[in-house]
1. What are the pairs with Cβ atoms under 9 angstrom where one residue, in segment 44-64, is among the β-branched types (Val, Ile, Thr) and the other, located anywhere, is in a helix (DSSP H, G or I)? Sequence gap at least six, or different chains.
2. Taking segment 35-51 on its own, how many of its residues are crowded, with 17+ Cβ neighbours inside 10 Å and part of a helix (DSSP H, G or I)?
Amino acid sequence: MADQPEISFNALVVSLATTAAVHLGDVADSTTGQKMPPNLEASGHMLDLLSVLAEKTKGNLTSDEERFLTQVLYELRMRFIDAKKADPGADSIVTP
């Protein structure tokens with residue numbers, strides 16, 4: 001039997017962040033193995049979910065978990081902004 005992946009708060013954050021990265025076109029989809037063109041609406045939705053997670057868990061995380069979530073959100077937001085700048089039709093998409 002294969003080892004089960006770790007179940008932790010950081011693993012949840014990584015899972016959501018990976019989904020955002022797939023939607024940004026940065027990571028290959030695990031089901032197809034292919035990188036997809038950026039889907040800013042879907043990646044923005046994942047950023048919104050991570051933001052809600054950060055808001056709802058505030059004060060209940062260890063300092064390492066809080067630091068990790070803050071860093072992941074920062075990096076994904078910066079990548080989202082870069083992807084939005086590269087897509088001239090993305091003006092209607094709100095930056096998370």
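1. So the pair list comes out as Thr57/Phe9; Thr57/Glu65; Thr57/Glu66; Thr57/Leu69; Thr62/Phe9.
2. Selection size over segment 35-51: 6.
Yes or no, residue by residue, for (1) surrounded by 15 or more Cβ atoms within 10 Å (Cβ to Cβ); (2) within 17 Å of Lys84 (Cα to Cα):
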position	(1), (2)
Ser15	no, no
Ala20	yes, yes
Leu24	yes, yes
Gly33	no, no
Leu53	yes, no
Lys56	no, no
Leu61	yes, no
Glu65	yes, no
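Every number here is computed from the coordinates shown, using simple stated rules; none is lab data. Owing to the predicted nature of the structure, the values given are computational and were not obtained by experimental measurement. With ideal geometry, Cβ positions are generated from the backbone for all residues, glycine too; neighbour counts draw on all protein chains shown.
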